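The values are calculated or read from the model by the stated rules, or taken from the named source; none is laboratory data. These numbers were taken from a predicted model, which means no experiment stands behind them. Cβ coordinates were reconstructed from backbone atoms using ideal geometry, including for glycine residues, and neighbour counts include every protein chain displayed. Just so you know, the surface numbers come from the protein's heavy atoms only, side chains and all, with ligands and any DNA or RNA stripped out. Shrake-Rupley method; radii C 1.70, N 1.55, O 1.52, S 1.80 Å.
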Amino acid sequence: TLRTTGEATIDTASNPFLETATLENTGTLTWTTGLIYVQLGGTLRNAATGTATLAGGTTFQLYGQGPAVFDNQGTLTVATGGSTATFSGGSEFTNGGTLDVQNGTLSLQGTTTVTGTVTGAAEGTLRLNGGTATFEGSSMLAGAETIQYQGTTVTVSGDYATTGANTITGGMLTFDGP
């Protein structure tokens, strides 16, 4: 495990690999641009004390054998402007903390599991487009962000109180919570 404790920036012009290791943020992390290839259990974790921002067009890409894990237990802010932050098919995105989609698009194409809070502003879009997504009983979806369900199997067991647009184009959306 490689741990960041202060301020760190990921700018991946060279498309690095994260293989079998864990990169854990316990401070402030900003991922500005680029692609990270992940395989064989490689994990990027934002710890409960961490604050991470996706600040541009970024891609978390499974390469070869999985899993490729992104685990947010702290605060993850999506502020990509007109760009998209993508977690590709084959990746595992978990959110036990706070996911705040402020502007731009967060595209989740793999397996998504949420036990924490998802919120956002009207300028933000959460796109679930592939794989499966499970919002556990402890989860909360709220805010003014747009949520797009595109060919994804989604189960919502937690609170659902969004005020933004919700669109469904293929897949299945099941509400079995409060």
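Quick notes on this structure:
- Residues of the stretch 32-63 classified as under 16 Å from residue 107 (Cβ atoms), modelled with pLDDT under 95 and of a type in the set (Phe, Trp, Tyr), total: 0
- Of all residues in the stretch 39-60, those that are closer than 15 Å to residue 3 by Cβ, among the hydroxyl-bearing types (Ser, Thr, Tyr) and in a strand (DSSP E or B) total 2.
- Cβ separations smaller than 8 Å between residues 6+ apart or across chains give the following pairs from the stretch 81-98 residues that are surrounded by 17 or more Cβ atoms within 10 Å (Cβ to Cβ) to residues that are hydroxyl-bearing (Ser, Thr, Tyr) and not in a strand (DSSP E or B): 94/115; 95/115; 96/115.
- Screening residue 70 on (1) of a type in the set (Phe, Trp, Tyr); (2) modelled with pLDDT under 95; (3) buried (at least 19 other Cβ atoms within 10 Å of the Cβ) shows it passes everything except condition (2).
- Within the stretch 104-114, the set of residues being in a strand (DSSP E or B) and not polar (S, T, N, Q) comprises 104, 106, 108, 114.
- Close contacts from the stretch 63-79, counting a first residue that is among the acidic types (Asp, Glu) and a second that is open to solvent by less than 30 Å² (accessible area, probe 1.4 Å) and not in a loop (DSSP other than H, G, I, E, B), with Cβ to Cβ under 9 Å and a gap of 6+ residues or different chains, come to 71/22; 71/24; 71/43; 71/44; 71/46; 71/93; 71/95.
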